[in-house]
Amino acid sequence: CKGEVVRVQNNHFHIRCFTCQVCGCDLAQSGFFFKNGEYICTHDYQQLYGTRCDSCQDFITGEVISALGRTYHPKCFVCSMCRKPFPIGDKVTFSGKDCVCQTCSHSLISNKPIKIHGPSQCAGCKEEIKQGQSLLALEKQWHVSCFKCQTCGIILTGEYISKDGVPYCESDYHAQFGIKCETCNRYISGRVLEAGGKHYHPTCARCVRCHQMFTEGEEMYLTGSEVWHPICKQAARAEKKLKHRRTSETSISPPGSSIGSPNRVICVTGGVHV
């Protein structure tokens, strides 16, 4: 087949051939993802591989908060007690079931040892908790010495993270279930930016053209695994069209023509303003 060609990740396609592998829509003028060797439009990528908010169940595009194995829109990640969003940089306390803000955490007493009066079974060793102290966590009672990290066995006396009702120390939780930043290779706690199946700290995600960070709530343009400011993507397209036009004019110039000469500047009016 013949026609105009587009270059994508060192591959070349006729524009009419560069289509979504799922629905067949045109990808040349829209955002797309590359997954398992296939190019997929944004809509179908979300349906197949997208991240849903654990609170509202809508797909998340742009900034996402990852906490305790769950993902949220920034506006949906709120204190379970006062229902207010967590201030940026504020400490988030996990009560064993929910996340609470620093102010509301002062009213929590469930993680402190309590006196047990009467028979009760330890969630760790499954033996009866007799007269003495126990710990109430994950809506269960434990011997203080039995509330341990599932992986390394260290006794959890302070903060911990649970998954599927099982407690872990922070280090082992991240090692098994954590998300690493594509740029700095460190584990991400709190706000995370997801683009093209990759994850970043918000301060590590940068536009591939201008190398500037994305501010909170700023619009992004995704092309495969690359992240762009929309204005930078428009500028790149304009430059590509201009380069293609110059190449075409040079290739069809008759002998002796000044068009395409190194000393001749070709000016194009209109185009994309950035």
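The values are calculated or read from the model by the stated rules, or taken from the named source; none is laboratory data. Quick caveat, the model's predicted, so the values are computed rather than measured. We place every Cβ from the backbone using ideal geometry, glycine too, and count neighbours over all the protein chains shown.
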Exercise. In the set 176, 150, 133, which member is outside any loop (DSSP other than H, G, I, E, B) and at pLDDT 80 or above?
Worked result: 176
Problem set entry | residue 205, sole failed condition from (1) modelled with pLDDT under 70; (2) among the aliphatic types (A, V, I, L, M); (3) under 17 Å from the mean Cα position of the chain (by Cα) | (1)
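Regarding residue 73, is this residue in the same structural domain as residue 23 (by the TED database) and out of contact with any Leu (no Cβ under 9 Å at 6 or more places or on another chain)?
Values: in the same structural domain as residue 23 (by the TED database): no; out of contact with any Leu (no Cβ under 9 Å at 6 or more places or on another chain): yes.
Against the criterion (in the same structural domain as residue 23 (by the TED database) and out of contact with any Leu (no Cβ under 9 Å at 6 or more places or on another chain)), residue 73 does not qualify.
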For this session: Would you please list the contacts, defined by Cβ atoms under 7 Å and residues six or more apart or on different chains, that run from a residue in segment 152-169 that is of a type in the set (A, V, I, L, M) to a residue that is part of a loop (DSSP other than H, G, I, E, B)?
Result: 154/169; 155/147; 156/147; 156/149; 156/169; 161/68; 166/150
Problem set entry | Count of segment 44-100 residues which are outside any strand (DSSP E or B), among the polar types (S, T, N, Q) and either farther than 23 Å from residue 178 by Cβ or at pLDDT below 75 (or both) | 5
